[in-house]
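Working notes for the structure below.
No lab work stands behind these numbers, since they all come straight from the coordinates. In this text, all values refer to a predicted model and were calculated from it rather than measured experimentally. Cβ placement follows ideal geometry from the backbone for every residue including glycine, while neighbour counts extend to all protein chains displayed.
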Protein chains: 2
Amino acid sequence: MIEKIRGGIAAPAGFLCGATSSGIKNPQATRDDLCLIVSEIPAAAAATFTTNVVKAAPVRVSMEHLKKGKIQAIVLNSGNANACTGEAGLATARRMAAAAAERTGLQPEQILVCSTGRIGVPLPVSRIETGLKKTPLGHSHSRKCAKAIMTSDTFPKEIACLVDTPGGSFRIGGIAKGAGMIDPNMATMLCAITTDAVIPPAALRKALRASVENSFNRITIDGDMSTNDTVILLANGASGIAPPPDVFLKALDAVTQTLARQIVLDGEGVSKFVEIEVGGARSARDARRAAEAVANSTLVKCAWAGSDPNWGRIMDALGYSGAALREEKTAIFYDKLPIVRNGTVADTPWKKLKAIAARKEFRIAIDLALGPFSHTVWTTDLTEEYVRLNLGE
Amino acid sequence: MIEKIRGGIAAPAGFLCGATSSGIKNPQATRDDLCLIVSEIPAAAAATFTTNVVKAAPVRVSMEHLKKGKIQAIVLNSGNANACTGEAGLATARRMAAAAAERTGLQPEQILVCSTGRIGVPLPVSRIETGLKKTPLGHSHSRKCAKAIMTSDTFPKEIACLVDTPGGSFRIGGIAKGAGMIDPNMATMLCAITTDAVIPPAALRKALRASVENSFNRITIDGDMSTNDTVILLANGASGIAPPPDVFLKALDAVTQTLARQIVLDGEGVSKFVEIEVGGARSARDARRAAEAVANSTLVKCAWAGSDPNWGRIMDALGYSGAALREEKTAIFYDKLPIVRNGTVADTPWKKLKAIAARKEFRIAIDLALGPFSHTVWTTDLTEEYVRLNLGE
């Protein structure tokens, strides 16, 4: 049984966290922009990083540290991504790890580093070094941490769960930030998850890979994949409970899917949350391609912004997705109402379809009727507000 | 020597065209929406069609007719795409060909059929049958034809050239429409080209394939590929001149590139025309992937709309493009000014870069410094106006 509880990343036993303002996000230092998460005892760690070839300095440093193992803390900053910053950026990320090590009494190699914010601007690392000295660590600061990692997010993303198993209970919690550059295969998206369950490192890696696939890799807002995406999972075993793999994965999915959903709902300029499920595909790859083509179609997303229950643009996107498709077999539903049957318009009253497309959340089911494979993605509309927010300078 | 002349598709000898209003675009029939193009003598024909699996009925019928050869005329309508219309749509497209055959004294199999406009709405073909009876045919109606095929285009797209060769001169002319769903691999984009050069069918097909690759397949506005895209080329040999293949291709490229450029400039809500050239790629495929990833990045395009000489989002798009890339070798230029060198920001004064990004047209050169391959695409910004135009109902 999984029960939602308070406490976020500090809910699991043996984890401390804290946040402060270092003056990176704004020089007046009125907004928190620095966050530290520590396990009081050694922990197993797993992480997934952006598949973008252009990787930010903190991603590269974290990958190095993760290989050496023994990770026990995470330092995160917002306001500056420390990406496309060359050798100097790498040195900066290492200094960030060293400062976090000094604050926590750990070795620099035991720290993972995350940055999010502007690309290509040198990160003023001395502010982080000063900030870390004053970062409070405690059991009640998770929400403050969730706020500190926000960039263009409009609300903090946080969750914690208590998981009962026959052998006893464990806890799992997470925070995340999203907003821009959200796409399957990870996004500018940072996520830190803590648990006091006992999970060996190999099993932890396997569970995280599977859970990211079930959550963050199924969301898309603008089709752009960022340079900084990172999901980190620390398991310190403080509960003494070693849950069966399927029980742990279920709990982990509850955390990652809740955070992924919050990220989509808080996408830049988003006015609709749309679930797209493609079924009846000839292969798993086809199901994914078809769902992602629809989810990323600029024209389809604009139609939703106008509350238009569009189907022609959906058919068009399916047609160029690369998935096997027989036009005359294809069916499309808005919630449970058919809008396309046998490749052409169904007879559902338009008013009913319009009422669904006018909602804040709806679901589109697509049946290719060619095989047993399916795939689900969560996406959004594309609004004038999105463009306005991304006009740059 | 290639000289621009008047006359559009009726400039080549032996071609007639005309347009009328059939009441499909608007019931008051105040806007032309029907166009007929005829060669007075037998012609060789070549065509390229959308690669979308969902193909409109007129595309399917035209593909059938083209296989049988002997094409001598084209009928085009705007206002209704006759796509996703099932068996009834196929019958409609055949009736359109039959009506054009009756008007011209040809056989239905000698007619190619094109439709553009709304998807999934039955095409009122009786209006086309009535309209074709009153369609005038002459040598001075090309511009009227270019207007008749417009949908959300804001200006007609037309060109004609006189080509001098040592053996004598020939003419070539074209009209096109673009606007929405523009993407490489063809788009809702119709284009009809006529020439009085003597070109055997096989050479004509080869030249058209090459020229479409050099023009329409290099443009992208919104990354959506339509169900109706068609480019048709008729060569009736009336000039008696058989130019060498390279001379003909050069003339054809002049026509297709001019029309492709006009389509981009007239993209929905477009405020900038941007040429992206990726050089130094390890393979031709890499060069193309890199250029297209940048050209289709929602975030990059939004930045341009704000006249922001963005480079972080370009680096990001290059990173996820799938092209081989070494961050520390990559250089990016706005016109000739470096903005990125060795993967990080160059020292060009920001004011100069901003002045370029504020122009209506500019060029971005990207040097991957890994090999000899290059690729160029033409694209646009993404504006609030684009979203507004595509909100649907």
task = Calculate the mean, over all residues of peptide B:301-311, of how many other protein chain Cβ atoms lie within 10 angstrom of the residue's Cβ.
result = 4
key: Cross-link reach list, lysines versus B:Lys352, counting only Cα pairs under 19 Å and skipping chain neighbours closer than eight places   = B:Lys272, B:Lys336, B:Lys360
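Per DSSP H run of at least 4 residues, take -39500 (n - 2.57); add these up for the protein assembly as shown, divide by its residues and hand me the 222 nm value, nearest 500 deg cm²/dmol. Working shown, then result.
Working: 22 runs with 250 residues, N = 786.
Dividing the helical sum by the residues of the protein assembly as shown leaves -9500 deg cm²/dmol.
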By average C-beta atoms within 10 angstrom, highest first, the peptides A:8-18, B:45-55 = A:8-18, B:45-55
ask   = At each listed q (0.15, 0.17, 0.24 Å⁻¹), what is the log10 of I(q)/I(0) that the Debye formula gives for the stretch A:1-115 modelled as equal alpha-carbon point scatterers?
value = -0.70, -0.88, -1.40
query = Tilt of helix B:245-265 relative to the longest C-alpha principal axis of chain B, in degrees (0 to 90, nearest 10)?
reply = 70
request  = For chain B, set up a Gaussian network in which alpha carbons nearer than 10 Å are linked by springs, and say which option among B:Thr194, B:Thr116, B:Thr383 fluctuates the most.
outcome  = B:Thr383
Other-copy label distances relative to B:Pro372, 7 angstrom Cα-Cβ extension, nm = 5.1
Net charge, B:Pro156 excluded, C-beta distance under 15 Å - Lys, Arg +1, Asp, Glu -1 = +4
note = In nm, the gap between the two label points placed 7 Å beyond Cα toward Cβ at A:Glu87 and B:Glu40 is 7.5
task = Taking every pair of alpha-carbon atoms in the stretch B:273-389, give the share separated by more than 20 Å as a whole percent.
result = 34
inquiry  = I want to verify the translational diffusion coefficient of the stretch A:305-365 in µm²/s; compute it with Stokes-Einstein, Rh as the Kirkwood radius over Cα pairs, at 20 °C and 1.002 mPa s.
reply    = 179
key: Whole-number D in µm²/s for the stretch A:66-131 (Stokes-Einstein; Kirkwood sum over Cα pairs; 20 °C, 1.002 mPa s)   = 180
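Once you have the Kirkwood Rh of the stretch B:203-309 from its Cα pairs, apply Stokes-Einstein at 10 °C and 1.306 mPa s and quote D in µm²/s.
My calculation gives 99 µm²/s for D.
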note = Phi angles of the stretch B:74-80, converted by Karplus (6.51 cos²θ - 1.76 cosθ + 1.60, θ = phi - 60°) into ³J(HN,Hα) in whole Hz with x for Gly and Pro, give 10, 10, 10, 10, 10, x, 7
key: Equivalent ellipsoid semi-axes, the stretch B:2-265, via Cα gyration tensor eigenvalues times 5, rooted, Å   = 26, 20, 17
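Can you tell me the relative contact order of chain B? Whole percent, Cα pairs under 8 Å, sequence separation 6 or more. All intermediate terms of the calculation are to be shown ahead of the outcome.
Working: 1068 pairs, mean separation 67.9, N = 393.
Normalised by residue count, the contact order of chain B is 17 percent.
Shielding by partners for B:75-85, please: the mean number of other protein chain Cβ atoms within 10 Å of each residue's Cβ. Intermediate results must be reported in sequence, preceding the final value.
Details: counts 0, 0, 0, 0, 0, 0, 2, 0, 6, 12, 3.
Average per residue, whole number: 2.
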message = Could you give each residue of the stretch B:321-333 its phi-based ³J(HN,Hα) in whole Hz, using Karplus coefficients 6.51, -1.76, 1.60 with θ = phi - 60°, and x for Gly or Pro?
response = 5, x, 6, 4, 8, 10, 3, 6, 9, 6, 10, 10, 10
ask   = Counting partner chain Cβ atoms within 10 Å of every residue's Cβ in A:108-119, what's the average?
value = 1
ask   = Running Debye on the protein assembly as shown with equal point scatterers at the Cα sites and no solvent, what base-10 log of I(q)/I(0) appears at q = 0.05 Å⁻¹?
value = -0.30
key: Solitary cysteines of chain A, where the nearest other Cys Cβ is not under 4.7 Å   = A:Cys17, A:Cys84, A:Cys114, A:Cys161, A:Cys191, A:Cys302
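Only bridges with both residues in the stretch B:2-265 count here: give the DSSP antiparallel percent, nearest 5.
About 75 percent, rounded to the nearest 5.
Determine the sum of side-chain charges near A:Gly8: Lys and Arg each +1, Asp and Glu each -1, restricted to other residues whose C-beta is under 9 angstrom from that of A:Gly8. Intermediate results must be reported in sequence, preceding the final value.
Details: positive: A:Arg6, A:Arg143; negative: A:Glu158.
Here the charged neighbours net out to +1.
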request  = Just order A:257-269, B:128-140 by mean Cβ neighbour count inside 10 Å, highest at the front, would you?
outcome  = A:257-269, B:128-140
note = Candidates B:Met315, B:Met189, B:Met96; GNM for chain B (alpha-carbon contacts under 10 Å) flags as most fluctuating B:Met315
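Relative contact order for the stretch A:273-389: what percent, with Cα pairs under 8 Å and sequence separation of 6 or more? Spell out each step's value before the answer.
On the way: 243 pairs, mean separation 53.9, N = 117.
So the answer I get is 46 percent.
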